[in-house]
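Some notes on the structure that comes next.
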Amino acid sequence: MGRTGGRQKRTRSEFEIQLKKDILSKKRNDGTPYSEKSVDTFINNIVKISPHFLEKSEVMVNLKWLEDHKKVIDWLNTALTRNGYPYSIQSKLSIYQSIIVGMNTIGYGEDKLSPYWKERDTLRGQKDVAVANKESFDTQTAKNQKAVLDGVSKEDIFELISKLEIEAFNDEFDLINRKKLMIATILAIHTEFPFRNDLADMKVISEDNYKKLVETGDDKLFNWLIVVKKDEYRFVLNKFKTQRKYGMIVGEVENDTTKNTLGLWLINGQKGEYLFTKDEDQPLTRNNISVLLSTETKKYFKLPLSTTILAKVFNEAEGSYTEMTAEKIAKIKKQSYLRGHNPLTRIIYYTSRH
């Protein structure tokens with residue numbers, strides 16, 4: 001018997017489908033195309049707020065309802081989310097950007113777009129002030145992250161890695177808990193590499209075999225952990241959030257904790273061609289890694305860790321920006337490169353807010 005319960009996926013209207021195609025065919029101001037993920041966000045934002053301005057059961061067939069900018073802006077300034085919170089600065093920015101892109105794509109001019117531009121620019125200013133003051137904005141996610149950052153230190157994470165490694169083996173050094181060793185390895189990698197959930201679908205390969213794939217161009221199909229030789233490893237990312245801008249990220253494993261834990265995992269826990277898999281050899285998805293990190297670390301810290309939080313905990317940009325040494329600047333640049341963003345982004349958005 002098929003599944004009958006649960007939330008049914010909404011069917012997109014012809015107007016939504018056409019709007020998505022039209023936005024995808026346009027270019028940003030810098031000449032680059034929008035990613036499909038960005039366009040989906042634009043469409044979803046517009047659809048999400050549309051019921052507040054359309055008649056009940058009315059299907060959205062145009063954006064004419066957005067012409068009443070005062071009504072839309074007033075609503076957004078007073079509306080509450082499903083959880084009962086006012087919309088955050090970031091959420092409002094995302095919604096206004098979606099409105100602007102959607103209306104601009106359809107052909108609306110400056111007279112209709114100008115009020116939304118002004119609101120967006122005002123919010124950007126508020127966001128810049130909040131960043132400069134090291135505030136955590138007003139999102140619940142940011143508040144949750146701050147609680148974790150205030151309660152978990154680098155030393156705590158290194159201690160957990162060691163604890164998990166010990167608990168993963170018995171006295172005869174036989175692996176008795178593969179999951180604990182896997183979590184220890186994921187954590188160890190993130191103490192050195194500020195990846196997002198990019199370890200998902202990552203494959204393990206020898207350097208010689210990787211070189212063969214480079215010759216055919218097949219190396220671009222996956223993210224890789226290259227085993228150069230004993231205790232010498234290299235990460236290559238081809239699939240990551242900002243790949244359109246940065247192309248490829250290559251990082252040598254340098255820290256002893258990462259090398260040692262990774263070596264333990266490759267010898268004792270890793271199965272098949274993927275770096276991290278479920279017990280039935282299926283590769284972990286990005287969501288699997290997110291859930292695994294969150295649920296398992298919460299058992300030890302009473303607080304859930306994520307790859308974003310780990311990137312903030314191990315951020316080299318902490319401290320006074322006016323007293324940075326050449327060595328520290330080099331480390332920040334390296335972390336920024338490995339994360340797939342510029343150093344200013346790392347300093348502004350990945351520094352713990354105290």
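Quick rundown of the values:
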| quantity | calculated |
| --- | --- |
| Count of residues meeting criterion [among the aliphatic types (A, V, I, L, M) and out of contact with any Phe, Trp or Tyr (no Cβ under 7 Å at 6 or more places or on another chain)] in segment 207-249 | 6 |
| Filtered residues of segment 61-90 (kept if out of contact with any helix residue (DSSP H, G or I) (no Cβ under 9 Å at 6 or more places or on another chain) and among the charged types (D, E, K, R)) | LYS64, ASP68, ASP74, ARG82 |
| Residue in segment 115-132 that is farthest from PHE42 (Cα to Cα), counting only those that are open to solvent by less than 30 Å² (accessible area, probe 1.4 Å) and at pLDDT 90 or above | PRO115 |
| Residues within segment 15-40 that are open to solvent by 40 Å² or more (accessible area, probe 1.4 Å), charged (D, E, K, R) and touching a residue at least 40 places away in the same chain (Cβ under 8 Å), tallied | 2 |
| Residue that is most open to solvent (accessible area, probe 1.4 Å), among those in segment 78-97 that are polar (S, T, N, Q) and in contact (Cβ under 8 Å) with a residue 12 or more places away in the chain | ASN83 |
| Hits in segment 141-175 - residues which are touching a helix residue (DSSP H, G or I) at 6+ places or on another chain (Cβ under 7 Å) and under 19 Å from GLY269 (Cβ atoms) | LEU160, ILE161, LEU164, GLU165, GLU167, ALA168, LEU175 |
| Test result for PHE276, under 15 Å from PHE193 (Cβ atoms) and at pLDDT below 90 | no |
| Hits in segment 66-77 - residues which are open to solvent by 30 Å² or more (accessible area, probe 1.4 Å) and closer than 17 Å to GLY107 by Cβ | GLU67, HIS69 |
| Selection count where residues are more than 16 Å from THR105 (Cα to Cα), assigned to a helix (DSSP H, G or I) and at pLDDT below 90, scope segment 11-63 | 1 |
| Residue within segment 167-188 that is touching a residue at least 40 places away in the same chain (Cβ under 8 Å), in contact with a Pro (Cβ under 9 Å, 6 or more places away or on another chain) and of a type in the set (A, V, I, L, M, F, W, C) present | no |
| Checklist (1) closer than 21 Å to LEU264 by Cβ; (2) out of contact with any strand residue (DSSP E or B) (no Cβ under 9 Å at 6 or more places or on another chain); (3) exposed (fewer than 15 other Cβ atoms within 10 Å of the Cβ) applied to GLY217, failing item | (1) |
| Residue satisfying condition, being modelled with pLDDT of 90 or more, crowded, with 21+ Cβ neighbours inside 10 Å and within 27 Å of the chain's Cα centre (by Cα), within set ALA188, ALA168 | ALA188 |
| In segment 64-101, the residues that are under 22 Å from the mean Cα position of the chain (by Cα) and in a helix (DSSP H, G or I) | ILE89, GLN90, SER91, LYS92, LEU93, SER94, ILE95, TYR96, GLN97, SER98 |
| Residue match in segment 191-205 (condition: open to solvent by 10 Å² or more (accessible area, probe 1.4 Å), touching a Ser or Thr at 6+ places or on another chain (Cβ under 8 Å), basic (Lys, Arg) and closer than 30 Å to PRO304 by Cβ) | yes |
| Top-ranked residue in segment 313-334 [being open to solvent by 20 Å² or more (accessible area, probe 1.4 Å) and either among the small types (Gly, Ala, Ser) or touching a Pro at 6+ places or on another chain (Cβ under 9 Å) (or both); ranked as modelled with the lowest pLDDT] | SER320 |
| All positions within segment 227-273 that are part of a helix (DSSP H, G or I), modelled with pLDDT of 90 or more, open to solvent by 40 Å² or more (accessible area, probe 1.4 Å) and not hydrophobic (A, V, I, L, M, F, W, C) | ASP256, THR257, LYS259, ASN260, ASN268 |
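The values are calculated or read from the model by the stated rules, or taken from the named source; none is laboratory data. Small disclaimer: the values here were computed from a predicted structure and weren't measured. Cβ: placed from backbone, ideal geometry, glycine included. Neighbour counts: every protein chain shown. Remember, those area values only see protein heavy atoms, side chains included, never the ligands or the DNA or RNA. Shrake-Rupley method; radii C 1.70, N 1.55, O 1.52, S 1.80 Å.
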